[in-house]
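Working notes, structure below.
The values are calculated or read from the model by the stated rules, or taken from the named source; none is laboratory data. Keep in mind that what you see is a predicted model, and the values were worked out from it rather than measured. So basically every Cβ, Gly included, is an ideal-geometry build from the backbone, and we count neighbours across all protein chains shown. Note: accessible area is taken over every heavy atom of the protein model, side chains too, but ligands, DNA and RNA are not part of it. Shrake-Rupley method; radii C 1.70, N 1.55, O 1.52, S 1.80 Å.
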Amino acid sequence: MKYTTNNPRQLAVMTLVRTSNGSYSNLQINAVIQSTSMGAADKALFTNIVYGVIQHRLTLEYQLHPFLRDPEKTENWVKELLYTAMYQLEYLDRVPKRAIFDETIKIAKVMGHDGTRRFVTGILHQMDRKGTPKLADIQDEKTRLSVEYSVPTWLVDMLQQQLGDKKTTSILASLNKAPKQSVRTNTAKISRDHLLEDLAKNGFDAEPSEVSSEGIIINDGQIVHSDFFEDGLLTIQDESAMLPVESMTMDIHKNKLKTVMRNATRLGVYKNVETFELDARKVDSKFEDGMFDAVLVDAPCSGLGLLRRKPEIRYDKTVADIDRLSNIQLQILNAVSTKVKTGGTITYSTCTIVKQENQDVIEKFIAANPNFEVTKTKTERNLNPDSDMVQIYPDDYDSDGFFVCSLIRKS
């Protein structure tokens, strides 16, 4: 798509309209950045506004509602424009109120007409005079948590039932923090200690991960544009996502397979990787029984552990989706179970935090396949001293939520 503006606030509104219609925020953001000539500061502001509005959408909707006489008749892009102004006013301390008002009113006229400009101006000034509704005034606790942390009430209810009120609130409070910039060392080319030394010499503020033995947190500096990335010394990956392979002894989407091979080539390990497209529930069409010593099932899931990186997930998923996905996950495990040798292992992992897709799936699988048993999932950092499975929540290490379970075939 061609853009006729480099205004980061206007581009944010246009992007938010597309994401509200079902487009993925990260893909839309990347497309805008690649298709415009914004400077670094404007790119950062644009990205911040888009992700910020999506993360706080339910909060912003609640606060805007009293100022709209007829919300259903207000154009979607006008509401998104107002959300961008509200987000900047509430969450971006360094942006002057006058600049936010001036830019928002200007965009209202450019994207609409003079009537739209007057409408937006009136609402902004009303908010300024009266103030927005206080979240503390919401009487129902689940509703207040839903609005305050901008997650659906069904998710609040599910987490409270499974984890209790205190843990639920801790998780929800962590979801709108900026995700850490984490990378995985390519140990085929360099050790983590040497990579940390080289990063420091080149001005990167980096530290070892608390979660993964190969992980590094980049606190300052854009690593994706560095020679370290281009030379394949590291790859971008969340700390928690490194654990399934770390716990082992060793997709049906074509675009993902291309990405896998591009990364494998950049990292210099492409000779060790073979990809093909196959529904994992149909492995009988490709493999004989007992072929593998180890299988990693990176199961399709709701992605509720990724809400920092993909904030729109919280609005897209439903309880019905979780039930459907848990059935698919169990089908995949059942399908691959016969392909593992006796004494071999299946490592099951998801990037979600609800039991229906994690512990409950394992329980059902073991009940249907008594020739398998859960064996302790081992990690370098011993993250699960009191459990055989690893369940990381977003508030534990400020990383993605992740689940890993190791299954061994006894006979």
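Among residues belonging to the range 15-27 that are buried (at least 20 other Cβ atoms within 10 Å of the Cβ) and not β-branched (Val, Ile, Thr), point out the one that is nearest to the chain's Cα centre (by Cα).
25
If we scan the range 363-382, do we find a residue that is crowded, with 18+ Cβ neighbours inside 10 Å, modelled with pLDDT of 95 or more, of a type in the set (Val, Ile, Thr) and in contact with a Phe, Trp or Tyr (Cβ under 8 Å, 6 or more places away or on another chain)?
no
Matching residues to (1) under 26 Å from residue 316 (Cα atoms); (2) open to solvent by less than 80 Å² (accessible area, probe 1.4 Å):
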residue: 59; (1), (2): yes, yes
residue: 62; (1), (2): yes, yes
residue: 101; (1), (2): no, yes
residue: 116; (1), (2): no, yes
residue: 140; (1), (2): yes, no
residue: 161; (1), (2): yes, no
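Just give me the residues in the range 163-182 being in contact with an Asp or Glu (Cβ under 7 Å, 6 or more places away or on another chain), outside any loop (DSSP other than H, G, I, E, B) and more than 16 Å from residue 314 (Cβ to Cβ), in sequence order.
170, 182
Can you list the helices (runs of 4 or more DSSP H) found entirely within the range 34-103 that contain at least 2 residues being touching a Gly at 6+ places or on another chain (Cβ under 7 Å)?
76-91
Under 7 Å between Cβ atoms, at least 6 apart or on separate chains: pull out the pairs that start in the range 67-78 with a residue that is surrounded by fewer than 13 Cβ atoms within 10 Å (Cβ to Cβ) and end on any residue that is not in a loop (DSSP other than H, G, I, E, B).
Note: pairs meeting the criteria are 71/65; 76/17; 76/20.
Does the range 183-210 hold any residues that are of a type in the set (Lys, Arg), open to solvent by 50 Å² or more (accessible area, probe 1.4 Å) and either touching a strand residue (DSSP E or B) at 6+ places or on another chain (Cβ under 8 Å) or not in a helix (DSSP H, G or I) (or both), and which are they? Give the steps one after another, and end with the answer.
Applying the first criterion (of a type in the set (Lys, Arg)) to the range 183-210 yields 184, 189, 192, 201.
Checking the rest, the ones that are also open to solvent by 50 Å² or more (accessible area, probe 1.4 Å) come to 189, 201.
189 - this is the single residue of the range 183-210 that is of a type in the set (Lys, Arg), open to solvent by 50 Å² or more (accessible area, probe 1.4 Å) and either touching a strand residue (DSSP E or B) at 6+ places or on another chain (Cβ under 8 Å) or not in a helix (DSSP H, G or I) (or both).
Would you confirm, using the coordinates I've provided, whether residue 238 is under 30 Å from residue 151 (Cα atoms), open to solvent by less than 30 Å² (accessible area, probe 1.4 Å) and charged (D, E, K, R)?
On the way: under 30 Å from residue 151 (Cα atoms): yes; open to solvent by less than 30 Å² (accessible area, probe 1.4 Å): yes; charged (D, E, K, R): yes.
In short, yes.
Does residue 213 count as open to solvent by less than 50 Å² (accessible area, probe 1.4 Å), of a type in the set (Ser, Thr, Tyr) and not in a strand (DSSP E or B)? Talk me through it step by step, then tell me what you get.
Numbers: open to solvent by less than 50 Å² (accessible area, probe 1.4 Å): yes; of a type in the set (Ser, Thr, Tyr): yes; not in a strand (DSSP E or B): yes.
Yes; evaluated as a whole, the condition is true for this residue.
Determine, yes or no, whether residue 110 is closer than 17 Å to residue 17 by Cβ, of a type outside the set (S, T, N, Q) and open to solvent by 20 Å² or more (accessible area, probe 1.4 Å).
For residue 110, the condition - closer than 17 Å to residue 17 by Cβ, of a type outside the set (S, T, N, Q) and open to solvent by 20 Å² or more (accessible area, probe 1.4 Å) - is met.
Here are the criteria: (1) aliphatic (A, V, I, L, M); (2) over 25 Å from the mean Cα position of the chain (by Cα); (3) assigned to a strand (DSSP E or B). Tell me which single one residue 336 does not satisfy.
(3)
Restricting to the range 274-310, name every residue that is loosely packed, with under 14 Cβ neighbours inside 10 Å and in contact with a strand residue (DSSP E or B) (Cβ under 6 Å, 6 or more places away or on another chain).
290, 293
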